[in-house]
Amino acid sequence: MDDLFFDYDSIANLYDSFMRFVPYRDWALKIYRIYKSFNLKGNMLLDLGCGTGNISRYLSEYGFEIVLLDKSFKMLLESLKKNFKNKRYIVCSDITQNCLKTNFDIAISIYDTVNHLNDFQLKQFFLNTHSLLKKNGILVFDFNTEYGLEILTKHLQIRKGDEYISYWGTEYDKEKKICTLKLEIKFNGKRVKNYIFNERALFQKDIENKLKEIGFKLIEFYDFHTFESFDNSSERGIVVCQK
């Protein structure tokens, strides 16, 4: 499968404005409760595909020492503008093939990150992350389902900032299982920029098979929004797996 197209460097300076409605603090609390449920003692956290660090800034309030990893250097620069309550480090690297020397108690990858990976890259991501976790460490990640991506195509989103208005239109290719976001940004000075981002639908059985093959010993799926059982009506799933 070809690589999916996404270029977050191109919108890094606007990303936090676009996402200001996202309940990152609530998501961080959810992740912390998952971490506590495993009775893990360490505080080393790896945020894979961290973007501008919106979730990790709140997770740092729970005492985690955090490594922020993303392939977008400009997104990482935006993360440095945020206040963290504990130590944080940034690494500009691909989430599928980084070679960190540290092992982690928990790794996270939140908000569509894995939907940007093709099939080979997804397996490499799981394999690489497994190698970076301590014994009994956990990986927590979310993913958009096919049902969720199809719902996105039914609505044109409009997001406004002080200096721009943006239009978020999506198309879903049922055969290829690829969702294409067409983002148009109109600035007050009449300048217009257009961007394209791709995601692919992911499926529970395929994810589960890959995780088992790599050696994760516990794999649980939940509905991201309710944290109840994951099913065909789930627009987004969250996966918790243990090494």
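Which ³J(HN,Hα) values, rounded to whole Hz and listed in residue order, are derived for the stretch 182-191 from phi using the Karplus coefficients 6.51, -1.76 and 1.60 in 6.51 cos²θ - 1.76 cosθ + 1.60 with θ = phi - 60°, glycine and proline given as x?
Using θ = phi - 60°, the values come out as 10, 9, 10, 10, 10, 8, 4, x, 6, 6 Hz.
Which residues' amide hydrogens lie under 5 Å from the amide hydrogen of C50, considering only partners 5 or more residues apart or on another chain, with H built in the peptide plane?
L69, D70
For the chain, give the magnitude of the charge dipole about the Cα centre (Cβ charges: +1 Lys/Arg, -1 Asp/Glu; no others), in debye to the nearest 20.
840
Using the Karplus curve 6.51 cos²θ - 1.76 cosθ + 1.60 with θ = phi - 60°, work out ³J(HN,Hα) for each residue of the stretch 134-150 in order, rounded to whole Hz, and write x for Gly and Pro.
For the stretch 134-150, the Karplus curve yields 5, 4, 6, x, 10, 10, 10, 8, 10, 7, 7, 8, 4, 4, x, 5, 5 Hz.
Quick one: which residues, 5 or more positions from F5 or on another chain, have an amide H under 5 Å from its amide H? H modelled 1.01 Å from N in the peptide plane, none for Pro or chain starts.
Amide H neighbours of F5: N198.
Can you check what the net charge comes to around W168, using other residues whose Cβ is under 11 Å from the Cβ of W168 (Lys, Arg +1; Asp, Glu -1)?
On the way: positive: R159, K182; negative: E184.
Neighbour charge sum, excluding W168 itself: +1.
Once phi is turned into θ = phi - 60°, what whole-Hz ³J(HN,Hα) does the Karplus curve with 6.51, -1.76 and 1.60 give for every residue of the stretch 172-180, x standing for Gly and Pro?
Here the 3J(HN,Hα) series is 10, 8, 4, 6, 8, 6, 10, 9, 10 Hz.
Lys and Arg at +1, Asp and Glu at -1: add these up for the other residues within a Cβ distance under 12 Å of M19 and post the number.
On the way: positive: R20, R159; negative: D16, E78, D112.
Within the 12 Å Cβ shell, the charges total -1.
How compact is the stretch 152-199 by the rule of thumb for globular proteins, expressed as Cα Rg over 2.2 N^0.38 Å?
Working: Rg = 12.3 Å, N = 48, 2.2 N^0.38 = 9.6 Å.
Here the Cα radius of gyration is 1.28 times the empirical estimate.
Looking at the stretch 197-243, which GluC sites (Glu not before Pro) are in a loop (DSSP not H, G, I, E or B) and have at most 14 other Cβ atoms within 10 Å? The partial results should precede the final answer.
Working: sites: E199, E208, E213, E220, E228, E235; in loops: E228, E235.
Passing sites in the stretch 197-243 are E228.
Label points 7 Å out from Cα along the Cβ direction at K160 and N188: separation in nm?
Output for this residue pair reads 1.3 nm.
Do you know the Lys pair count in the stretch 152-199 for C-alpha distances under 27 Å, with sequence separation 8 or more or different chains?
Going through the stretch 152-199 pair by pair, I get 15.
What FRET efficiency comes out for N86 versus D7 if R0 is 35 angstrom and r is the Cβ-Cβ distance? Round to the nearest 0.05. Before the final figure, lay out the partial values.
Numbers: r = 31 Å, r/R0 = 0.88.
Plugging the Cβ-Cβ distance into 1/(1 + (r/R0)^6) gives 0.70.
What is the chain's relative contact order, in percent, from Cα pairs under 8 angstrom and six or more apart in sequence? List each step's numbers first, then the result.
Values: 471 pairs, mean separation 43.1, N = 243.
Computed value for the chain: 18 percent relative contact order.
Determine the sum of side-chain charges near Y195: Lys and Arg each +1, Asp and Glu each -1, restricted to other residues whose C-beta is under 12 angstrom from that of Y195. Please report the intermediate quantities before stating the final value.
Details: positive: K182, K193; negative: D7, D9, E184.
Here the count lands on -1.
Rounded, prolate or oblate: which fits the chain, taking a ≥ b ≥ c as square roots of the Cα gyration tensor eigenvalues, rounded meaning a/c under 1.5, else prolate when a/b beats b/c?
Working: a/c = 1.69, a/b = 1.26, b/c = 1.34.
Oblate.
Computed from the coordinates by the stated procedures, all read-outs in this text should not be read as laboratory data. Keep in mind that this is a model prediction, so the values were computed, not measured. Here the Cβ is made from the backbone with ideal geometry for all residues, glycine too, and neighbour counts use every protein chain on show.
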